[in-house]
Amino acid sequence: MLIQILVTIGIVILVLPSIYSSYKRKTITPFAFFIWILFWIIGLVLIWDPSLIDFIGKALGVGRSIDALVYIAIVFLLYSTLSQRIRINELSKEITLLNRKLALEDVKQEKK
Amino acid sequence: MKIYIVLPAYCEDKVIKDVIADIKKEGYTNIIVVDDGSGDNTYKEAKSTGVITISHPINRGKGAATQTGIDAGKLLNADIIVTMDSDGQHDPKDIKGLIQPILNDKADVVIGSRMLNTKGMPKSRIMMNKIANIVTYIFFGVLVSDSQSGFRAYNRKAYTSVYTYMDRYEFESEMLGQIKNSKLRIQEVPIKVIYTDYSKSKYKHMGSFSAQGLVNGVRMVVRLIENSLFK
């Protein structure tokens, strides 16, 4: 199917090189590099043969396994977005407090 | 009586000197300018007037700059802290009326309200303020005529009881919520708003299109919801 070809090309041309580049720039550890590569290779295999994980769908009572994966992915993405938003909010507050601390140093100096 | 005037400023190098001079003319010489990471000469211009000038290395928004100014006033042991806009919209002549209820021990916080006399105020701004008042009431249970006014006076009890975390314009509403929770006495006095060509040009993008009020109201609601969820 066309969609399988397009997704495969996307993973091979965009995703895998990006992971490799992150590894080369040492922004991810060798362990993270291995996990990501493994994750996407499994993804590639499943794109071409979703029946390999039919047992998951049967076990969870969802008709097709791919549906179960989509549900799990949605929950994971929502959780990930929420935790990132919380972290960004915390960082934003910390930046403001740091800014304030630096600004108030001058006042403290003048007071002395 | 130590009265400190706090001016949160962002890219106001064209007018900041005049604003400071006008405040000094009214007899208030304790002025704190908080340059909120402006990319222009705001810091330099303010500093050259001899007033206390401090700066945020990175722009954080009006709310953050105002709270920094209040903290500076706290460090300097102010009796009263007055916050004003630094673009010349607020008339320093109104400071006297603003601090009077505090001097008479009738209030801990005084809000200079533009809505008690709306003469000359663009309709879009009136609508925007009304929407903001309703939103403030829904989120914080405080109903005032001008919830977004940055022209306010706080006595020591007030400024030591409140501490805002919202960086942008929503901090005015957050502050009102804290004022209510701290059971502080609040009063509103009418103030004049000076719409100069400069201040009009700053808000040019808002135009006279009153739907802008709605858009800003929606933005404010989104930020308030966000802040209430991720505190």
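The values are calculated or read from the model by the stated rules, or taken from the named source; none is laboratory data. Here the structure is a predicted model, which means the values were calculated and not measured. Note that we place each Cβ from the backbone using ideal geometry, even for glycine, and neighbour counts take in every protein chain shown. The accessibility values were calculated without ligands, DNA or RNA, using every heavy atom of the protein model including side chains. Shrake-Rupley method; radii C 1.70, N 1.55, O 1.52, S 1.80 Å.
Keeping the other protein chains in place, figure out the carbon and sulfur percent of the accessible area of the range A:71-112, with a 1.4 Å probe.
C and S atoms contribute 69 percent here.
Nearest 500 deg cm²/dmol is fine: what mean residue ellipticity at 222 nm does chain A get from its DSSP H runs of n ≥ 4 alone, each adding -39,500 (n - 2.57), divided by its residue count?
It lands at -27500 deg cm²/dmol.
With only Lys, Arg, Asp and Glu charged, each at its Cβ (+1 for the first two, -1 for the last two), find how big the charge dipole of the protein assembly as shown is about the Cα centre; round to the nearest 20 debye.
My answer is approximately 400 debye.
Using the per-residue mean of other Cβ atoms lying within 10 Å as a proxy for protection, in what order, highest first, do the peptides B:136-147, A:7-18 fall?
My ranking of the peptides, most packed first, is B:136-147, A:7-18.
Taking a ≥ b ≥ c as the square roots of the Cα gyration tensor eigenvalues, with a/c under 1.5 meaning rounded and otherwise prolate when a/b beats b/c, else oblate, which class fits chain B? Before the final figure, lay out the partial values.
Values: a/c = 1.32, a/b = 1.12, b/c = 1.18.
Note, shape of chain B comes out rounded.
Please give the length that would be gained between A:Ser18 and A:Asn89 if that part of the chain were fully extended, namely 0.36 nm times their separation in residues minus their C-alpha to C-alpha distance (nm, one decimal).
Length gained between A:Ser18 and A:Asn89: 22.8 nm.
Calculate, for A:Met1 and A:Leu82, the FRET efficiency according to 1/(1 + (r/R0)^6) with r their C-beta to C-beta distance and R0 45 Å; round to the nearest 0.05.
E between A:Met1 and A:Leu82, to the nearest 0.05, is 0.85.
Give the angle, between 0 and 90 degrees and rounded to the nearest 10, that separates the Cα long axis of helix A:30-48 from the longest principal axis of the Cα atoms of chain A.
Around 40 degrees separate the two axes.
Mind checking which lysines have their C-alpha under 17 Å from B:Lys106, skipping anything on the same chain fewer than 8 residues away?
The qualifying lysines are B:Lys96, B:Lys157, B:Lys180, B:Lys183.
Please label the shape of the range A:1-48 as rounded, prolate or oblate, based on the square roots a ≥ b ≥ c of the eigenvalues of the alpha-carbon gyration tensor (a/c under 1.5 means rounded; beyond that, a/b larger than b/c means prolate, else oblate).
oblate
Among rounded, prolate and oblate, which fits the range B:20-130 when a ≥ b ≥ c are the square roots of the eigenvalues of its C-alpha gyration tensor, a/c under 1.5 means rounded, and a/b larger than b/c means prolate? Walk me through the numbers before you get to the answer.
Details: a/c = 1.65, a/b = 1.21, b/c = 1.36.
Note, shape of the range B:20-130 comes out oblate.
Checking the cross-link filter: which lysines have an alpha carbon closer than 21 Å to that of B:Lys123, excluding same-chain neighbours under 8 positions apart?
By straight Cα distance, B:Lys123 reaches B:Lys192, B:Lys200, B:Lys202, B:Lys204.
Can you list the aspartates and glutamates whose alpha carbon is less than 20 Å from that of B:Lys14, not counting same-chain residues fewer than 8 positions off?
The qualifying aspartates and glutamates are B:Asp22, B:Asp35, B:Asp36, B:Asp40, B:Glu45, B:Asp85, B:Asp87, B:Asp91, B:Asp197.
Compare the peptides B:161-167, A:101-107, B:116-122 by average per-residue count of other Cβ atoms within 10 angstrom and give them in order, highest first.
Those peptides, ordered most packed to least, come out B:161-167, A:101-107, B:116-122.
Based on the Kirkwood radius over alpha-carbon pairs, what is the Stokes-Einstein translational diffusion coefficient of the protein assembly as shown at 37 °C with 0.692 mPa s viscosity, in µm²/s?
For the chosen part, D equals 140 µm²/s.
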